[in-house]
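**Student:** Just passing along the structure, written as structure tokens.
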Amino acid sequence: MSKAQWSRWGWGSAEGYSLEIGDTFRCSVVLKRIEPGEAPLYAASINTHPYGDHPDREAAMRVVETRLESEMGDVLRDWTIYEALKHLHGGQVPRLGLNPRRRR
């Protein structure tokens, strides 16, 4: 079963949601501890990088999904370049500028 969908864990004040894309992206939306009478806030993050607090779960999930889609686009672009360079160099990835320093 794919983890590429939101799943819920916990209940009440310990409520959270997770979305995983392979072993690369780990996304979460977590209800922050709230005091009586306070409006709830949901913290959004990808790979523990915070993307702010949001007034509801859906808003937090939308922020995570938007950032995830943007970052995945960058990954796919870089992967295409990586594969092309490897193919052009006989199965080896070029190592530019990695010559060891000469000791004096």
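**Student:** With an 8 Å cut-off on Cα pairs and a minimum separation of 6 or more residues, tell me the relative contact order of the stretch 7-88 in percent. Before the final figure, lay out each step's value.
**Tutor:** On the way: 113 pairs, mean separation 14.1, N = 82.
Averaging sequence separation for qualifying contacts and normalising by length gives 17 percent for the stretch 7-88.
**Student:** Separate question: For the stretch 92-97, just list the computed ³J(HN,Hα) in residue order, Karplus coefficients 6.51, -1.76 and 1.60, θ = phi - 60°, integers in Hz, with x standing in for Gly and Pro.
**Tutor:** 10, 7, x, 10, 7, x
**Student:** How far apart, in nm, are two points set 7 Å out from the Cα along the Cα-to-Cβ line at ARG26 and at ASP78?
**Tutor:** Each label point lies 7 Å from its Cα, and together they span 1.9 nm.
**Student:** While we're looking at this one, here's another question. With no solvent and one point on each alpha carbon, what is the Debye value of log10 I(q)/I(0) for the stretch 1-54 at q = 0.15 Å⁻¹?
**Tutor:** Each listed q corresponds, in turn, to -0.44.
**Student:** Counting each DSSP H run of 4 or more residues in the chain as -39500 (n - 2.57), what helix-only mean residue ellipticity at 222 nm follows after dividing by all residues, to the nearest 500 deg cm²/dmol?
**Tutor:** Taking each H run of at least 4 residues, the total per residue is -11000 deg cm²/dmol.
**Student:** Please work out whether the stretch 49-104 counts as rounded, prolate or oblate from its C-alpha gyration tensor, where a ≥ b ≥ c are the square roots of the eigenvalues and a/c under 1.5 means rounded, while otherwise a/b larger than b/c means prolate and anything else oblate?
**Tutor:** oblate
**Student:** Semi-axes of the equivalent ellipsoid of the chain: what are they in whole Å, largest first, if each equals the square root of 5 times a C-alpha gyration tensor eigenvalue?
**Tutor:** They are 41, 17, 11 Å, listed largest first.
A short reminder: the numbers here are calculations on the coordinates, not readings from a lab. In this text, all values refer to a predicted model and were calculated from it rather than measured experimentally. Note that each Cβ is placed from the backbone with ideal geometry, even for glycine, and that neighbours are counted across all protein chains shown.
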